[in-house]
Amino acid sequence: MPCNYLNININYHPFGTEMSGRRLLSVKAKYGYQGSLKDNEISGEGNDYTTHFRALDTRLGKWFSMDPVNHAWVSPYISMGGNPIMFSDKIGDDLDVGKSKESKSDIKSLAKTENQKFINIDETTGKVTVDFGTMTKDDINKILKKDEGLNLVNDLVTSNKKFYYSAAEVEGFGNELGTVTPKFLGKDPNGIINASDNGKDSNGSNAFLPKKGYNGQVVISNEGHFEEPDKNTGSMLIKRRSSLVFHELAENYERTNNGADYNGNKTNGGFGAHYKANQRESNWWNKSNNPGVANYISGPDKTLSYKDLYIKYQTQIEEILK
Ligand SMILES: [Zn+2]
């Protein structure tokens, strides 16, 4: 049966439904199911659901991004299922952000102002979800098509890989042994660290590995700013921060999710993650004149010694190391 109208109650975990036999999903389709049915009636429709879902685009998972963990009422259902929730990592919570308010506003700044309401960031956990409420798949598609920034956040949130983003002056990174070390962003020439456990970085290696529990990690100095030459006059202009956030996250997504190296490789038609991120930014409403380039970084900590940095960021460092 073709699905012409799918109305998803976003608060519910769709695939939990079939396992637990509880009503976690409301599907309104042309075959007349109208919701507000009792449990027994819904159980009767269970097979229909299953078939229905199998017929749908596998990208359907993208439209569900509410993190079930954030809802107290979900837990009993999960434990009742006695089964790891299928596809749960496609449905959300695959992007976490750091504690700073800049970390949160950076992620929101990727979407158009009117679309920022779709991005939810849990205050305590930093988990990012994209919630389209009961919108139809067609309507969601239209919004994503017109907002590459929101589309990127949606990609990160719905990926099978786990991403971490923070705006910070000091952040933790892993090494091959799984040891996490604090890095000072002000000491990085670009004030940016882009770490992945998959596609290679600009040095053809994975010099920085994401911290434990993540496959990709991007950190951008929160106190620094970036400048680029004006297209016409050549004078230095302060670069939009959101453009850097877009580029670095898009590049990390290409590496981490798609296995692309920073530079081109055979598996992606010779185009590397950096190039692909720039290409993607060309579709973005807030694109930079010079995507992906941080010509100059200025930050108050650039001149501080390591000793002073350790003193200044002691609390954050202790948190990273604990
Ligand atoms: Zn790049």
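We did not get these values from a lab; they are worked out from the coordinates using the rules stated. If you're wondering where the values come from, they're calculated on a predicted model, not measured in any experiment. Glycine also receives a Cβ, built like all others from the backbone with ideal geometry; neighbour counts cover every protein chain displayed.
Worth a mention:
- Inter-part distance where the range 215-242 and the range 125-179 are each reduced to a Cα centre, Å: 21
- With the simple spin-label model, which puts each label point 7 Å out from Cα in the Cβ direction, the ASN289 to THR303 separation comes to 2.8 nm.
- Over the range 92-322, relative contact order from alpha-carbon pairs under 8 Å, at least 6 apart, %: 20
- Highest mean packing comes first when the peptides 131-144, 276-289 are listed by Cβ atoms within 10 Å, giving 276-289, 131-144.
- Among TYR306, TYR313, TYR296, sorting on how many other beta-carbon atoms sit within 10 Å of each Cβ, with the fewest leading, yields TYR306, TYR296, TYR313.
- Full extension of the chain segment joining ALA207 with ASN232 gains 5.3 nm, where the gain is 0.36 nm per residue of separation less the Cα-Cα distance.
- Cβ-based charge dipole, the range 92-322, positive-most Cα from THR125, PHE173, HIS225: HIS225
- Protection proxy ranking for 114-124, 230-240, using the average of other Cβ atoms within 10 Å per residue and placing the highest first: 114-124, 230-240.
- Too-long pairs where the Cα-Cα distance tops 24 Å, listed order kept, from LYS200/LYS307; LYS117/LYS231; LYS99/LYS312; LYS99/LYS137; LYS108/LYS146: LYS200/LYS307; LYS117/LYS231; LYS99/LYS137
- Neighbour-count ranking [beta-carbon atoms within 10 angstrom, fewest first] of ILE193, ILE311: ILE311, ILE193
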